[in-house]
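Worksheet: the structure to be examined is printed underneath.
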Amino acid sequence: MTSPTQTGLSAIDPVWWSEVDAWTWRAMSGAALIGTVTLESQYVLRLADGDLAGVHTSLESAKSQMDAWVRWQFRAPLS
């Protein structure tokens, strides 16, 4: 699974989405690609390294998973 260090992702860069075509969306943070969603039989979320992260029935759900993954990566460490 891709880590924020591998993607160049930083805690201050928000996630933004771009539509590539009618079936593909890119999740970006700054200039770094952090994942993609493709519409196959369902919405398939993959991280930048190609790892399958989830399969969803809606685009919104797939995007929400990516947003949650980013927040989780930058959560405060447990003491």
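No value in this document is a laboratory result; all are computed from the given coordinates. Quantities reported herein were computed from a predicted structural model and do not represent experimental measurements.
Sequentially through the stretch 50-57, phi angles give Karplus couplings (6.51, -1.76, 1.60; θ = phi - 60°) of x, 4, 5, 9, x, 10, 10, 8 Hz, Gly and Pro residues having no value and appearing as x. Stokes-Einstein diffusion for the stretch 29-74 at 37 °C, viscosity 0.692 mPa s, with a Kirkwood radius from C-alpha pairs, works out to 307 µm²/s.
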